[in-house]
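Each value in this text was obtained by applying a stated rule to the coordinates, not by laboratory testing. Bear in mind the structure is a predicted one, so any value in this text is a computation, not a measurement. Methodologically, a virtual Cβ is constructed for each residue, glycine included, from the backbone with ideal geometry; neighbour enumeration extends over all protein chains shown.
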Amino acid sequence: MNYFNVFPRWPIEPVRALGCKIYDKAGTEYLDFYGGHAVISIGHSHPRYLAKMTEQLQMIGFYSNSVQIPLQDEYAEKLGKASGYPDYSLFMVNSGAEANENALKLASFYNGRKKMVAFQNAFHGRTASAVRVTDIAKYWTSHVMNLETVFLPWNDIDAVRETLRNEDVSSVIIEGIQGIGGIIVPDPLFLQQLSRVCSETHTVLIVDEIQSGYGRSGKFFAHQYAGIRPDIITIAKGMGNGFPVSGMLIAPKFQAVHGQLGTTFGGNHLACAAAIAVLEVMEEENLVENAARTGAYLMDELKKLPQIKEVRGKGLMIGLAFEAPVKPLRDRLLFEQHVFTGVTGTHVFRLLPPLCLTNDLAGEFLHRFKKILNS
Ligand SMILES: Cc1ncc(COP(=O)(O)O)c(C=O)c1O
């Protein structure tokens, strides 16, 4: 049987990884400035994470949500404290798209409305509602087109006011920082006004922190730079450091109703152990502060490079916009300098290293990047 060929892949086979480094079959060492697409938060193969996962697996790895799983409460309590949302509830699923799908559903259960609002260049995942609020038409299938969706211009509060005026929109979904859209940070004033208009019109505000959350921006959540409190926050990626786990933080105004949401795998023992280990390491090693500090250093240094048109982002979620397509540079960086990076669109590099990145490794990246830019 062949693997269904929907991904282009690099001709590299990683077999081992540690911290911010990856090693391929031939033993070549790579610097990981991609984090497996913003997933690696505490670093590859962290000993504390390995120990917790191994210990849990030796006791019980999985049982369904038909039994008591106190690890879910332990994780919820830790997450509430770490994120600044101790009064919210947690619901766990398995992937980013699934978290957004559940958030959009919960909004509709809550206010009985069906229309969804999202923003130009948004990416929210590949399940039906999540893909419908993703502003990439080639990902849509005809069967999702019945889901009524409006895409609004970024940072345009008048357009939001006009669209929500009739009080028939169920939810507005927005990324904490747009990732696939090109590392675009929202204007804090816009987020504050958006939050107010949503609450005035009883529209549910969902902030997708799947890529920008979990410390990546230098705060636990990127929307905390604007001081807003969304109705639902979705999380995934960095939450499990590679174990597939996601979830939503749900404001107290939502009442849990048996049967409205469900999941077989969500919140299982091993997923909780992964999520708890990640939070423990983040706290012990001050990784949110580290992302802010190392990210600021990296961005300051990158701004000195004349070849880069614009450096944008927050913390360790950094976009580098170039005048020309970046693929040739990215390939050279990977194959000649052995550095993994991401791109968005054709002209923007995306840097998403593990949050444990040190200044030394940031310096090593700058050294290798300059070699490519200057030759
Ligand atoms: C902002 C955002 N939302 C949702 C998703 C979808 O996550 P997943 O691929 O885990 O379904 C992604 C993935 O890249 C993302 O960046």
Radius of gyration and Dmax over the Cα atoms of the stretch 258-375, both given in Å = 17.9, 62
note = Gyration tensor on Cα atoms of the stretch 98-221, a ≥ b ≥ c root eigenvalues, a/c under 1.5 rounded, else prolate if a/b beats b/c, else oblate, says rounded
task = Putting +1 on Lys and Arg Cβ atoms and -1 on Asp and Glu Cβ atoms, find which of M248, A271, G96 reaches farthest to the positive end of the dipole of the chain.
result = G96
ask   = For the chain, what does -39500 (n - 2.57) per DSSP helix run (n ≥ 4), summed and divided by total residues, give at 222 nm, in deg cm²/dmol to the nearest 500?
value = -10500 deg cm²/dmol
request  = Run the quick spin-label model on L366 and N2: label points 7 Å from Cα toward the beta carbon, then report their separation in nm to one decimal.
outcome  = 4.6
query = Given Cα pairs under 8 Å that are at least 6 residues apart, what percent is the relative contact order of the chain?
reply = 23
request  = Only Lys, Arg, Asp and Glu count, each charged at its Cβ (+1, +1, -1, -1), so figure out the dipole size of the chain about its Cα centre, rounded to 20 debye.
outcome  = 680
inquiry  = Please compute the contact order of the stretch 18-58 in relative form: average sequence separation of alpha-carbon pairs under 8 Å and at least six residues apart, divided by the residue count, as a percent.
reply    = 40
remark   = For K78, K237, K314, ascending order of other Cβ atoms within 10 Å (fewest first) is K78, K314, K237
query = So what are the ³J(HN,Hα) numbers for the stretch 6-11, from phi and the Karplus equation (6.51, -1.76, 1.60; θ = phi - 60°), rounded to whole Hz, Gly and Pro as x?
reply = 9, 10, x, 10, 6, x
ask   = Hey, what did the stretch 253-368 get for relative contact order, percent, Cα under 8 Å, at least 6 apart?
value = 22
query = Roughly how many Å is it from the Cα centre of the stretch 1-52 to that of the stretch 309-326, as a whole number?
reply = 23
task = May I ask you to sort H367, H269, H44 by Cβ crowding, counting other Cβ atoms within 10 Å and putting the fewest first?
result = H367, H269, H44
task = Under 11 Å from the Cβ of E280, count the other residues' Cβ atoms, weight Lys and Arg +1, Asp and Glu -1, and hand me the total.
result = -1
inquiry  = For a quick check: with amide H placed at 1.01 Å from N, whose amide H comes under 5 Å from W154's, ignoring anything fewer than 5 positions away on the same chain?
reply    = Q120
ask   = Which distance in Å, rounded to a whole number, links the C-alpha centroids of the stretch 64-102 and the stretch 137-196?
value = 25
ask   = How many nm is it between the label spots at L305 and L373, if each spot is 7 Å from the Cα in line with the beta carbon?
value = 0.4
query = What does a probe at D87 reach in the stretch 209-235, counting residues whose amide N is under 13 Å from the point 7 Å along Cα→Cβ?
reply = 229-231
note = Using alpha-carbon positions, the gyration tensor of the chain gives root eigenvalues a ≥ b ≥ c; with a/c under 1.5 called rounded, otherwise prolate if a/b exceeds b/c, else oblate, the class is oblate
query = Given K78/K327; K81/K370; K52/K81, which pairs have Cα atoms separated by over 32 Å?
reply = K78/K327; K81/K370
message = Could you tell me which residue out of T127, I206, M239 lies farthest along the dipole of the stretch 47-284 toward its positive end? Charges go on the beta carbon: Lys and Arg +1, Asp and Glu -1, centred on the Cα centre.
response = T127
key: Charged-residue dipole, Cβ positions (Lys, Arg, Asp, Glu), the stretch 318-375 about Cα centre, Debye nearest 20   = 100
query = How long is the gain from L18 to E336 if the chain were fully straight, where each residue apart is worth 0.36 nm and the alpha carbon distance is subtracted?
reply = 112.4 nm
inquiry  = Taking the beta-carbon count within 10 Å as an exposure proxy, list V257, V339 from fewest neighbours to most.
reply    = V257, V339
